[in-house]
Every structure is written in C-alpha cells, then in structure tokens.
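Data first, discussion second: the structure below is written as structure tokens.
The values are calculated or read from the model by the stated rules, or taken from the named source; none is laboratory data. All values reported here derive from a predicted model rather than from experimental measurement. Backbone-built Cβ (ideal geometry, glycine too); neighbour counts: all protein chains shown.
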Amino acid sequence: MRQLPIFVTLLLVASCSQEPERRYTVDELLADEALLSRAISDCRGNPGELRNTVNCQNAEAADGKRRLQNMRKALGG
C-alpha cells in the first residue's frame with residue numbers, strides 16, 4: 001500500500017516532463033521546403049491554438065520572405 005503514492009508521484013512527474021517542441025528559425029524554414037510547407041499547413045489548420053506560437057510566427061515570416069523572393073525572380077531581379 002505504501003508503494004501506491006510513490007507510483008502516482010512518479011506517474012505525475014513523468015507526464016509533466018514532456019520535451020518542449022523544437023523551435024525553428026526563419027532561415028531554417030526557408031532552407032527546408034518540406035518543413036516550411038508542413039509548418040504552414042499545421043498552423044493554418046489550427047489557428048486558434050497555434051497562431052501565436054514561435055514556430056507559426058516564424059513559418060508565416062518565412063513564407064512571406066519566400067513569396068517575395070519568388071516575385072523578385074519572376075520580375076527578373
């Protein structure tokens with residue numbers, strides 16, 4: 001019976017020690033097209049929860065930067 005509180009405590013500690021999500025920079029997202037597409041898709045698919053996260057903000061910034069680069073290339077610049 002004495003082991004039950006110890007087990008419950010260990011279970012609670014294990015569930016709280018979740019590894020944080022990796023944060024990607026704008027440059028990392030620009031360098032990896034698949035990662036950027038996945039991040040944009042995830043963020044736009046769940047804007048209520050993810051819109052204000054660092055990864056979504058960086059993904060939107062990278063997407064905007066990529067669009068500008070593509071427009072410059074299309075205009076010959």
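Give the number of residues within the range 26-57 that are among the hydrophobic types (A, V, I, L, M, F, W, C) and either outside any helix (DSSP H, G or I) or touching a strand residue (DSSP E or B) at 6+ places or on another chain (Cβ under 6 Å) (or both).
Counting residues in the range 26-57 that are among the hydrophobic types (A, V, I, L, M, F, W, C) and either outside any helix (DSSP H, G or I) or touching a strand residue (DSSP E or B) at 6+ places or on another chain (Cβ under 6 Å) (or both) gives 0.
Six or more apart or on different chains, Cβ atoms under 7 Å: show the pairs whose first residue is in the range 56-72 and under 10 Å from Leu36 (Cα atoms) and whose second is surrounded by 17 or more Cβ atoms within 10 Å (Cβ to Cβ) and aromatic (Phe, Trp, Tyr).
Every condition considered, the pairs that remain are Asn58/Tyr24.
Take the residues of the range 34-77 that are surrounded by 13 or more Cβ atoms within 10 Å (Cβ to Cβ) and of a type in the set (Asp, Glu): which is nearest to Glu21 (Cα to Cα)?
Ranking the qualifying residues of the range 34-77, first place goes to Asp42.
Taking interchain pairs and intrachain pairs at least six residues apart, which have beta carbon atoms under 7 angstrom, with the first residue in the range 34-48 and closer than 18 Å to Lys65 by Cβ and of a type in the set (D, E, K, R) and the second at pLDDT 95 or above and surrounded by 13 or more Cβ atoms within 10 Å (Cβ to Cβ)?
Close Cβ pairs satisfying both conditions: none exist.
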